[in-house]
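The values are calculated or read from the model by the stated rules, or taken from the named source; none is laboratory data. Because the structure is predicted, anything quoted here is derived from the model rather than measured. Here the Cβ is made from the backbone with ideal geometry for all residues, glycine too, and neighbour counts use every protein chain on show. These accessible areas exclude ligands, DNA and RNA; they are computed on the full protein's heavy atoms, side chains included. Shrake-Rupley method; radii C 1.70, N 1.55, O 1.52, S 1.80 Å.
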Amino acid sequence: MTDVVPPGERICERCGRHDEWDDDRGAWTIVTDDGERQSGDPFCLHEWDINGNYSPLAE
Ligand SMILES: [Zn+2]
C-alpha cells in the first residue's frame, strides 16, 4: 500500500457545486468564484466528482 492523499476539492456532477477542503477547519468550504459562491442547488443530492483529480500517490 502507498500513502493516500485525500482529495482537496470536489465538484458536484449534477448541480456544479464546488467545494474545497479547509485544513484549518477540517471541513468542506464552498468555493467563491468572482464573488459568487459555487453552492449549486441546495436541493441537489450531490454526486461528487472526487476521482477526476484524485491522486492515489503522495508527491
Ligand atoms: Zn449537486
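When both residues are 6+ apart or on different chains and their Cβ atoms are under 8 Å apart, which pairs have a first residue that lies in region 20-41 and is free of Cβ contacts under 8 Å to residues at least 24 places away in the same chain and within 16 Å of the ligand (Cβ to nearest atom), and a second that is hydrophobic (A, V, I, L, M, F, W, C) and open to solvent by 80 Å² or more (accessible area, probe 1.4 Å)?
Matching pairs, first to second residue: 28/21; 29/21.
Just to be sure I understand, how many residues within region 7-44 are part of a loop (DSSP other than H, G, I, E, B) and of a type outside the set (A, V, I, L, M)? Before you say what the answer is, go through the steps one by one.
Looking only at region 7-44, we keep the residues that are part of a loop (DSSP other than H, G, I, E, B), and these are 7-8, 13-17, 23-26, 31, 34-35, 38-44.
Then drop every residue that is not of a type outside the set (A, V, I, L, M), which leaves 7-8, 13-17, 23-26, 34-35, 38-44.
Adding up the residues that qualify gives 20.
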